[in-house]
Amino acid sequence: MAITNAASAHWAGNLKAGAGTIATRSGALNGVSYDFRKRFEGAAGTNPEELIGAAHAACYSMALSGQLEAAEMVAEAIDTTATVTMEFIDGAPTVTKVHLDLTAVIPGADPAAFQTAAANAKAGCPISRLLAAAEITLDAKLG
């Protein structure tokens, strides 16, 4: 059984002066603007790499919840930040790595079982698997 989701983007103008909007089929994002300055110059607003980070952090957190359940642990809180790094390689912008920072509050957690669950979630989350060509690192802490 396949599960499908969709998002769309609209762009008008040239690369540096143009602008676009992003929307998702669900309506969670609707008309969210993005442009060159937001992506490459640090202007406020979102960009594709930030959206990849949000997707990866959310996916990883859910995958960890499942891994913890399999290890008979339940988290009170799972907080994940995904930092997406883009570098210029041979003059082309390239996503080269994603770093996941995780802090979880799990009463009575076995630290070794937690680290195993964290690593398994990193390897098994669908977005990690999608991004397998990039380097994905993880710092996992019990809070």
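The numbers here are math on the coordinates, done by the rules we state, and not lab data. Please read these numbers as outputs of a predicted model, since none were measured by experiment. Every residue, glycine as well, gets a Cβ built from its backbone with ideal geometry; the counts of neighbours run over all protein chains shown.
Placing a pseudo-label 7 Å from each Cα along the Cα-to-Cβ vector at Glu72 and Ile89 gives an inter-label distance of 4.4 nm.
For Gly45, nonlocal amide neighbours, meaning residues 5 or more places apart or on other chains whose placed amide H falls under 5 Å from its own, do not occur.
Based on the Cβ-Cβ distance from Ala112 to Thr137, what FRET efficiency comes out when R0 is 30 Å, to the nearest 0.05? Result of the calculation: an efficiency of 0.95. Compare Thr94, Thr80, Thr103 in a GNM of the chain, Cα atoms joined below 10 Å, and give the one with the largest fluctuation. Highest fluctuation of the listed residues: Thr94.
Here the sum of -39500 (n - 2.57) over DSSP H runs of 4 or more residues, divided by the residues of the chain, equals -10000 deg cm²/dmol at 222 nm, to the nearest 500. Using r as the Cβ-Cβ distance of Met1 and Arg37, and R0 as 41 Å, what FRET efficiency do you calculate, to the nearest 0.05? E(calc), rounded to 0.05, equals 0.50. The Cα center of region 1-19 and the Cα center of region 72-98 differ in position by 21 Å. Take the chain, connect every pair of alpha-carbon atoms lying under 10 Å apart with a spring to form a Gaussian network, then pick out the residue of Ser26, Ser65, Ser128 with the largest mean-square fluctuation. Greatest mean-square fluctuation among the candidates belongs to Ser26. DSSP assigns beta bridges within the chain; of those with both partners inside it, close to 75 percent run antiparallel.
Mind putting a number on the dipole of region 48-142 about its Cα centre? Charges go on the C-beta only, +1 for Lys and Arg and -1 for Asp and Glu, and I need it in Debye to the nearest 20.
Values: 4 positive and 12 negative charges, 35 e Å.
I would put it at about 160 debye.
Number of Lys-Lys pairs in the chain with C-alpha atoms under 20 Å apart and a separation of 8 or more places or on different chains: 4.
Maximal additional length on extending the Thr103-Leu15 stretch stands at 27.9 nm, based on 0.36 nm per residue less the C-alpha distance. Simple rule: put +1 on each Lys or Arg Cβ and -1 on each Asp or Glu Cβ in region 48-142, find the dipole, and look at Ala113, Ala140, Ile78; the Cα lying farthest toward the positive end is Ala113. Note down the Stokes-Einstein diffusion coefficient of the chain in µm²/s, whole number, using a Kirkwood radius over alpha carbon pairs, 37 °C, and 0.692 mPa s. Roughly 195 µm²/s, to the nearest whole number.
Coupling constants for region 18-30 follow from the phi torsions by the Karplus curve (6.51 cos²θ - 1.76 cosθ + 1.60, θ = phi - 60°), and in residue order they are x, 8, x, 9, 10, 9, 10, 4, 5, x, 4, 10, 8 Hz; glycine and proline get x.
Of the chain, which part is the longest with no trypsin sites (Lys or Arg not before Pro) in a loop (DSSP not H, G, I, E, B) and with at most 11 other C-beta atoms within 10 angstrom? Of all site-free stretches, the longest is 26-143. What separates the Cα centres of region 127-143 and region 22-55 is a distance of 21 Å.
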